[in-house]
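Participant: What follows is a structure written as C-alpha cells; I'll ask about it next.
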Amino acid sequence: MEYIKIKINLEYKNKTIKEFLKINNVGRGKVEEIRVNKTSFINNIYQPLETILKENDILSFKIAEEIDYKCLNEKLDIVYEDDYLLIVNKPLNMLVHPDNKEKNGTLVNLVANYYKQNNINRKVRYLHRLDKETTGLVIFAKDFLTEAIMLKKLEENLITKQYIGIVEGKLTNKNGQIKASIATDRHINNKMCISKTGKKAITKYELIKEYENYSSVLFTLITGRTHQIRIHTSYINHPLLGDVLYGGNTKLINRVALHSFRLKFVHPILKTQLEIENKLPFDMQQLLK
C-alpha cells in the first residue's frame, strides 16, 4: 500500500482535513471516497475528515490504485522526477494520450510502462498537452493531491511555460505581446482561428537570434489555448517553420518548429521553486547552428 504525505505548515494550522482538501482543489467525489474508505491519516493514525490539523502534523492519504493505460515498452526521456511529479520530454510525432484507454502508442503509454517497471502503482495523470508535432516538456502528477494543486496552478497561470520556436523572417519588434482571441475554425477540422468572439489569448515573445531567412524566438504563454503560439505567429505574418496548417514554410524542416523548453513553478507539496529546462531536439538544433 502506498501513501502521499504532507507536513502541515502554518497555512493549514487549525483547518480540518476536509478544509485542507477543499483549499487544494480536490473534488467532492474524491473527498467522499476518502471519507467512505477511511484513507486519511495524521501521524500514521486514521483520522476522520473533521479532524483539525496542527502545525508539523504529517497528513497522509492511503493510495490504492492501478496503472490505467496500456504499456509501451520504449525509452522514456525523464527530465525531472520526485515522489510527486514526473516531467518528461515528449518526442516528435507522438500524441500525449490516446482517445481511449484501450489504445496504445502515446506518451502516457510510455509513462505507464515506466510506472510498471518501477512498481509505481498509480493512475497516469498528465496535466497538459502538446501538439503531436511539438516536442518538449510535459508534466505528470503521481497522485490525486498533486494533480489537484497543479491543475489549480495551471488555471491561475501560476506555472510559467516557455517555448522556443523558429519563425519565418525577421521580427520588426524584437519583443512584445500578441493579444488576439482564438476560436475553433468552423471550416477546417482541427484548426483554430483569430476571432473577436473567441477565448482571450496572450503570448509574450522575445527574439533570441536572427538568421538569414528566419529567427529563433522565446515564447511565454500567458494563456494556454489550443495552437496558441502557432496561430499567433501566423497572425503577425511570421508563422512557425514547418507549420503547414498555419502557412509555415516546409522546405527547411518537415514539422512544426516548436519546442516546450522551460517550466517554472512552486512545487505543489515541497513548496520549493522549480525551474526545469530541456535541450532542443536535433532538427531544431541543426537550424540554429
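The values are calculated or read from the model by the stated rules, or taken from the named source; none is laboratory data. Here the structure is a predicted model, which is why all the values come from computation and not from measurement. Using ideal geometry, Cβ is built from the backbone for each residue, glycine included, and neighbour counts are taken over all protein chains shown.
Participant: As an exercise: evaluate Tyr84 against (1) among the hydroxyl-bearing types (Ser, Thr, Tyr); (2) out of contact with any Asp or Glu (no Cβ under 7 Å at 6 or more places or on another chain); (3) in contact (Cβ under 8 Å) with a residue 40 or more places away in the chain and give the number of the one condition it does not meet.
Facilitator: (2)
Rundown of residues vs (1) over 21 Å from Met284 (Cα atoms); (2) in contact with a helix residue (DSSP H, G or I) (Cβ under 9 Å, 6 or more places away or on another chain); (3) of a type in the set (Gly, Ala, Ser), yes/no style:
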{"residue": "Asn121", "(1), (2), (3)": "yes, yes, no"}
{"residue": "Arg125", "(1), (2), (3)": "yes, yes, no"}
{"residue": "Asp131", "(1), (2), (3)": "no, yes, no"}
{"residue": "Asp143", "(1), (2), (3)": "yes, no, no"}
{"residue": "Glu168", "(1), (2), (3)": "no, yes, no"}
{"residue": "Asn189", "(1), (2), (3)": "yes, no, no"}
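Participant: Can you pull out every residue in the stretch 3-53 that is exposed (fewer than 13 other Cβ atoms within 10 Å of the Cβ) and either aromatic (Phe, Trp, Tyr) or at positive phi (or both)?
Facilitator: Answer for the stretch 3-53, where residues must be exposed (fewer than 13 other Cβ atoms within 10 Å of the Cβ) and either aromatic (Phe, Trp, Tyr) or at positive phi (or both): Asn14, Lys38, Asn43, Asn44, Tyr46.
Participant: What single numbered condition from (1) under 24 Å from Ile229 (Cβ atoms); (2) touching a strand residue (DSSP E or B) at 6+ places or on another chain (Cβ under 8 Å); (3) buried (at least 21 other Cβ atoms within 10 Å of the Cβ) fails to hold for Thr106?
Facilitator: Tallying (1) under 24 Å from Ile229 (Cβ atoms); (2) touching a strand residue (DSSP E or B) at 6+ places or on another chain (Cβ under 8 Å); (3) buried (at least 21 other Cβ atoms within 10 Å of the Cβ), Thr106 fails exactly one: (2).
Residues checked against (1) touching a Phe, Trp or Tyr at 6+ places or on another chain (Cβ under 8 Å); (2) buried (at least 17 other Cβ atoms within 10 Å of the Cβ); (3) within 27 Å of Lys196 (Cβ to Cβ):
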| site | (1), (2), (3) |
| --- | --- |
| Glu102 | no, no, no |
| Leu110 | no, yes, no |
| Thr135 | no, yes, no |
| Glu155 | no, no, yes |
| Gln162 | yes, yes, no |
| Val167 | yes, yes, yes |
| Asn173 | no, no, yes |
| Gly176 | yes, no, yes |
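Participant: So, one more: In the set Lys13, Lys30, Lys54, Lys62, which member is touching a strand residue (DSSP E or B) at 6+ places or on another chain (Cβ under 8 Å) and either of a type in the set (S, T, N, Q) or touching a residue at least 12 places away in the same chain (Cβ under 8 Å) (or both)?
Facilitator: Lys62
Participant: Check Leu263, Leu241 and return the single one that is in contact (Cβ under 8 Å) with a residue 24 or more places away in the chain, surrounded by 18 or more Cβ atoms within 10 Å (Cβ to Cβ) and under 30 Å from Tyr84 (Cβ atoms).
Facilitator: Leu263
Participant: Restricting attention to the stretch 201-244, which residues are aromatic (Phe, Trp, Tyr) and assigned to a loop (DSSP other than H, G, I, E, B)?
Facilitator: Scanning the stretch 201-244 gives a single hit, Tyr211.
Participant: Looking at (1) in a loop (DSSP other than H, G, I, E, B); (2) basic (Lys, Arg); (3) modelled with pLDDT of 95 or more, which one does Lys116 not meet, given that it meets all the others?
Facilitator: Only one criterion in (1) in a loop (DSSP other than H, G, I, E, B); (2) basic (Lys, Arg); (3) modelled with pLDDT of 95 or more is unmet by Lys116, namely (1).
Participant: Which members of the stretch 256-289 meet the condition of being within 21 Å of the chain's Cα centre (by Cα) and in a loop (DSSP other than H, G, I, E, B)?
Facilitator: Of everything in the stretch 256-289, those that are within 21 Å of the chain's Cα centre (by Cα) and in a loop (DSSP other than H, G, I, E, B) turn out to be Val256, Ala257, His267, Pro268, Ile269, Leu270, Lys271, Thr272, Asn278, Lys279, Leu280, Pro281.
Participant: Where the second residue is in a loop (DSSP other than H, G, I, E, B) and modelled with pLDDT of 95 or more and the first is of a type in the set (D, E, K, R) and lies in the stretch 94-108, which pairs have Cβ atoms under 8 Å and are six or more apart or on separate chains?
Facilitator: Cβ pairs passing all conditions: Lys101/Asp68; Lys101/Tyr69; Lys101/Lys70; Glu102/Lys70; Lys103/Lys70.
Participant: Which of the residues belonging to the stretch 172-200 are assigned to a strand (DSSP E or B) and more than 22 Å from Val244 (Cα to Cα)?
Facilitator: Of everything in the stretch 172-200, those that are assigned to a strand (DSSP E or B) and more than 22 Å from Val244 (Cα to Cα) turn out to be Asn175, Gly176, Gln177, Lys179, Lys199.
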